[in-house]
Amino acid sequence: MKIVVCKDYDDVSRVMAEKVVEQIRKKPNLVFCLPAGNSPIGMYKYLVQMYKEGKADFSQLRTFDMDEYAGLTPDDSHSFIYFMHQHFLDHVNINMDNVRYPKADVADLDAECKQYAQEIIDAGGLDIAITSIGDDGHIAFNEPGEYLLPRTHVVKMDEATRQQNAKAFADCAGGVPEYAITTGMEEHMKAKKYYVVCSGTHKGKLLHKLFENERLDPKFPVSWLRMHPDVEFIIDEATAAEIQEDALEYYREK
């Protein structure tokens with residue numbers, strides 16, 4: 001594990017985008033597991049900017065969305081694939097034939113999950129994956145529980161997670177869907193490069209919990225990243241201030 005400390009959210013976003021582009025330059029057709037939500041919006045802004053400035057080429061990039069709300073169609077403004085088009089895909093030179101996402105509006109979600117997991121395997125696995133951390137320690141939609149599942153699957157979201165995402169569904173009569181499709185922990189652990197982006201003191205408290213003991217706890221899914229061979233935490237100063245000084249010193253990028 002390695003910690004990279006940036007000044008603020010904007011700096012976190014810029015550094016994360018630069019790291020993504022650096023990996024794409026090394027392998028133009030790499031497989032990128034795309035995150036949704038508030039945390040990566042700044043990163044996507046910088047990726048689009050770098051493309052427009054001629055500093056990035058996404059023409060061979062292959063993508064898999066990290067998760068999706070069950071029941072939503074791709075043209076639903078609340079869906080994550082809509083989010084990806086809005087913030088990234090529609091603004092760069094990506095080949096849409098190389099874009100994959102879970103079909104969340106199909107009748108047989110379990111069959112869709114198995115097919116999606118196989119597509120990730122057929123692509124050679126994920127080269128890079130980026131996530132933030134949910135307030136209960138979840139990554140993607142791998143919620144705390146007695147066990148964690150390895151590959152893409154349907155999950156019933158915790159009420160805390162639904163409340164956390166309620167603002168995005170304020171204009172939706174049905175509120176936040178109860179179920180989602182998420183990539184599983186095996187797929188995350190096999191990603192060749194893994195990044196966690198965090199900004200603010202509330203995320204720092206989660207990292208404090210992660211670094212204060214070495215338990216791999218399915219009730220705190222982010223703890224499993226202790227086993228990942230190449231994970232970087234890209235955080236801002238407010239987050240870093242909450243991490244134990246000895247842990248910060250030990251893992252901080254030299």
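Coordinate-derived values only; no laboratory data. Predicted model only: the values in this text are computed from it and were never measured. Note: ideal-geometry Cβ built from the backbone for every residue, glycine included; neighbour counts use all protein chains shown.
Evaluating kT/(6 pi eta Rh) at 20 °C and 1.002 mPa s, with the Kirkwood radius of the range 2-253 over Cα pairs in the Stokes-Einstein relation, gives 117 µm² s⁻¹. Taken along its principal axes, the alpha carbon cloud of the range 159-254 reaches lengths of 49, 30, 22 Å, longest axis first. Here the Gaussian network model covers the chain, with springs between Cα atoms less than 10 Å apart; of 227, 185, 66, 227 fluctuates the most.
With a threshold of 19 Å on the Cα-Cα distance, the over-threshold entries among 7/55; 2/45; 2/193 are 7/55; 2/45. Can you check what the net charge comes to around residue 125, using other residues whose Cβ is under 14 Å from the Cβ of residue 125 (Lys, Arg +1; Asp, Glu -1)? Spelling it out: positives minus negatives among the neighbours equals +1. Cα centroids of the range 176-251 and the range 13-41: 17 Å apart. Using the Cβ-Cβ distance between residue 96 and residue 26 with R0 set to 25 Å, the FRET efficiency from 1/(1 + (r/R0)^6) comes to roughly 0.60. Of 58, 169, 83, the residue with the greatest mean-square motion in the GNM of the chain, using alpha carbon springs below 10 Å, is 169. For the listed peptides 152-158, 232-238, a ranking on the average number of other beta carbons within 10 Å per residue, highest first, reads 232-238, 152-158. Annotation: amide H of residue 197 within the under-5 Å range of 131, 132, 234, sequence separation 5 or more or interchain, hydrogens built in the peptide plane. When the chain is treated as a GNM with alpha-carbon contacts under 10 Å, the residue of 172, 198, 113 showing the greatest mean-square fluctuation is 172.
Here the spin labels are modelled as points 7 Å beyond Cα on the Cα-Cβ line, and at residue 76 and residue 7 they lie 4.0 nm apart. Here the 3J(HN,Hα) profile of the range 87-104, calculated from phi with Karplus coefficients 6.51, -1.76 and 1.60 at θ = phi - 60°, is 9, 9, 4, 6, 10, 10, 8, 6, 7, 5, 5, 9, 9, 10, 8, x, 7, 8 Hz, Gly and Pro shown as x.
Using a ≥ b ≥ c from the Cα gyration tensor of the range 8-149 (square roots of the eigenvalues), is it rounded, prolate or oblate, where a/c under 1.5 gives rounded and otherwise the larger of a/b and b/c decides, a/b for prolate? Prolate shape, in that a/c is at least 1.5 and a/b is the bigger ratio.
Full extension of the segment from residue 106 to residue 202, taken as 0.36 nm per residue of separation minus the current Cα-Cα distance, would add 30.9 nm.
Using only alpha-carbon positions in the range 29-108, the gyration tensor eigenvalues give semi-axes of 23, 14, 10 Å once each is multiplied by 5 and square-rooted (largest first).
Computed from the C-beta positions of residue 253 and residue 213 and an R0 of 30 Å, the FRET efficiency is 0.85 to the nearest 0.05. Excluding same-chain neighbours fewer than eight residues apart, the aspartates and glutamates reachable from residue 190 by a Cα-Cα span under 14 Å are 122, 127, 230.
Beta bridges from DSSP with both residues in the chain: antiparallel share about 25 percent, rounded to the nearest 5.
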